[in-house]
1. So which of G475, G452, G435 ends up being outside any strand (DSSP E or B), surrounded by fewer than 14 Cβ atoms within 10 Å (Cβ to Cβ) and either in contact (Cβ under 8 Å) with a residue 60 or more places away in the chain or touching a Gly at 6+ places or on another chain (Cβ under 7 Å) (or both)?
2. Could we say that K172 is closer than 26 Å to D243 by Cβ and free of Cβ contacts under 8 Å to residues at least 40 places away in the same chain here?
3. If F325 meets every condition in (1) closer than 30 Å to G452 by Cβ; (2) assigned to a loop (DSSP other than H, G, I, E, B); (3) of a type in the set (F, W, Y) apart from one, which number is that one?
4. Can you find a residue in segment 423-444 that is aromatic (F, W, Y) and under 22 Å from K496 (Cβ atoms)?
5. Looking only at segment 128-155, count how many residues are in contact with a helix residue (DSSP H, G or I) (Cβ under 6 Å, 6 or more places away or on another chain) and of a type in the set (F, W, Y).
6. Give the residues of segment 455-472 that are over 14 Å from P422 (Cβ atoms) and either at pLDDT below 95 or open to solvent by 40 Å² or more (accessible area, probe 1.4 Å) (or both), sorted by residue number.
7. Check I419 against each of (1) among the β-branched types (V, I, T); (2) without any contact (Cβ under 8 Å) to a residue 60 or more places away in the chain; (3) more than 17 Å from V323 (Cα to Cα) and name the one condition it does not meet.
8. Restricting to segment 438-449, name every residue that is buried (at least 21 other Cβ atoms within 10 Å of the Cβ) and in a helix (DSSP H, G or I).
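The values are calculated or read from the model by the stated rules, or taken from the named source; none is laboratory data. Note that the coordinates shown come from a computational prediction; the quantities given were computed from them, not determined experimentally. Don't worry about glycine lacking a Cβ; one is built from the backbone with ideal geometry, like all the others, and counts go over all protein chains shown. For accessibility, only protein heavy atoms count, side chains too; no ligands or nucleic acids. Shrake-Rupley method; radii C 1.70, N 1.55, O 1.52, S 1.80 Å.
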Amino acid sequence: MVKITSSTSRAFAFLVILGAVRPPKPPAAPDRRMPHFPRRFFSTSLSHLPPSPPPATVCCIGAGYVGGPTMAMIAQKCPHISVTVVDLSQPRIDAWNSDELPIYEPGLDEVVKACIGKNLFFTTDVEGAIAKCDMIFVSVNTPTKKTGLGKGKAADLTYWEAAARTIAAVSKTDKIIVEKSTVPVRTAEAIEKVLKRNCSDSTVQFNILSNPEFLAEGTAMTDLANPDRVLIGGKIEGQAGQDAVDALAEVYANWVPQERILRANLWSAELSKLAANAFLAQRISSINAMSALCEATSADVSQVAHALGTDSRIGPKFLNASVGFGGSCFQKDILNLAYICECHGLKEVADYWYSVVGMNDYQKSRFVKRVVSAMFNTIRNKKIAMLGFAFKKDTGDTRETPAIDVGRGLIEDGAKLAIYDPKVSEEQIAMDMEGLTDNITCYKSAMEALDGAHAVTVMTEWDEFKAYDWKKIYGVMQKPAFVFDGRNILDHEGLKEIGFIVYALGKPIDPFLKSAEGA
Ligand code: UDX
Ligand code: ADP
């Protein structure tokens with residue numbers, strides 16, 4: 001075993017345990033800090049070296065959408081590292097240990113199956129796992145605060161703080177703590193205080209890193225396997241901080257090219273995550289704003305997006321007009337960012353970012369208004385089929401899905417919703433639409449949901465919706481049969497030929513709709 005003697009050398013020792021570096025021979029020199037070693041020590045090709053020391057252990061607190069896939073990827077790419085994922089929720093851990101994983105993510109099952117029980121473990125023994133490992137990833141939820149100061153804007157760090165207190169209570173050896181959850185800027189500083197003040201052994205050193213996750217749900221495994229970049233923030237102005245950053249960089253270097261591993265100071269890394277999500281969401285709100293103008297002017301938002309996207313300075317991604325962005329990150333992170341701006345007296349900057357969320361809300365309510373006005377201003381007791389409930393395709397996640405707000409809006413106007421989503425359970429929909437379930441029926445097949453419906457609203461861009469037999473669907477729906485495509489994925493011209501009245505975001509308005517709306 002490697003004996004750890006100081007906080008500075010501990011990060012290096014971690015690398016040694018990982019098998020990523022070899023201790024210097026002889027280890028007589030007192031200064032064993034990594035930057036003084038030649039690059040070859042950081043090589044991941046170790047075939048010329050003696051057999052690897054015992055595998056190192058890392059653990060991750062929080063077995064959710066981020067923690068689960070990220071740790072599965074580390075386990076797959078680093079067979080010499082033992083990875084333990086812990087969570088307070090017994091059902092969640094049981095699901096990870098079963099054939100039915102708690103989250104749907106393409107490619108995840110295969111990786112978990114290949115590693116589980118070998119170097120990937122899921123357990124509720126939070127304290128045991130923390131005590132044993134050198135590096136702890138923290139990937140707990142950080143929702144928007146519901147009450148108190150910063151209500152509706154600031155990030156709620158209750159779970160983070162609880163995790164930090166547990167780490168402090170059980171740590172007997174130095175730990176590198178890696179922030180994975182999105183957190184307000186300078187959270188690391190606060191967490192460090194909690195750790196230091198709550199650890200009974202004052203010799204234990206905690207080195208905190210920010211390593212924000214940029215994976216998107218639905219493509220998490222490919223994003224993790226081939227990231228645009230890995231960002232590691234640490235106290236790089238000091239040696240211990242640099243060593244800790246290097247230790248984490250070595251984990252990623254097992255599969256990520258060195259040039260894609262970016263190093264930054266702690267606060268820059270924390271802010272970069274909020275900024276990245278704000279920029280991405282801002283693009284969607286911008287194209288959604290354009291979609292409203294396109295409808296008013298008979299321009300076509302897809303053509304506008306294409307024209308914009310072919311400008312290499314703008315680029316083609318994230319320019320799909322939609323009924324609104326959802327997901328656990330965008331809204332939460334923008335509100336958090338804006339709140340931080342407010343706290344620094346930057347009201348104008350805060351307002352700029354709030355407007356991105358405001359535009360998203362506008363897009364959802366605009367969609368509801370279109371449905372109601374198109375259907376002769378009354379949807380009372382009309383069956384409206386909702387295709388898709390997840391916030392995007394290839395996930396069963398419904399956090400902040402636009403389907404919730406649109407569904408609420410339609411029900412407020414008296415509609416009876418018939419919901420079908422290939423991956424979202426009836427129980428989840430019932431939780432999300434609490435208080436409104438009398439007006440909702442969930443179906444196991446799209447055809448059942450569409451049977452007898454007056455209208456269909458497309459809420460998620462699932463590929464299967466494009467492949468449906470829309471002629472057959474037309475046959476089972478009430479007439480006039482309306483399609484409201486909130487994702488612009490269907491063949492609108494083909495649908496019109498069949499006989500549907502079609503509303504598509506940002507597209508020239510169908511004359512039937514114009515007359516119905518009195519436009
Ligand atoms: C996002 C970030 O992309 C990711 O880097 C971060 O780690 C977490 O937050 P995620 O929310 O999983 O990922 O999915 P993303 O693909 O970004 O989509 C977010 C929302 O925007 C979805 O509702 C999606 O449908 C919507 N969207 C996306 C659009 O409406 N139009 C687009 O062009 C792209
Ligand atoms: P994300 O999308 O960021 O991964 P999730 O909500 O899917 O967020 O997952 C966060 C997980 O963290 C949840 O399963 C929750 O039970 C777990 N968790 C929260 N606090 C703690 C804690 N103190 N110790 C262990 N697990 C925790």
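1. G452
2. When the stated conditions are applied, K172 does not pass them.
3. It is condition (1) that F325 fails.
4. No, segment 423-444 contains no residue that is aromatic (F, W, Y) and under 22 Å from K496 (Cβ atoms).
5. Counting residues in segment 128-155 that are in contact with a helix residue (DSSP H, G or I) (Cβ under 6 Å, 6 or more places away or on another chain) and of a type in the set (F, W, Y) gives 0.
6. D469, K471, K472
7. Only one criterion is unmet by I419, namely (3).
8. Scanning segment 438-449 gives A446, A449.
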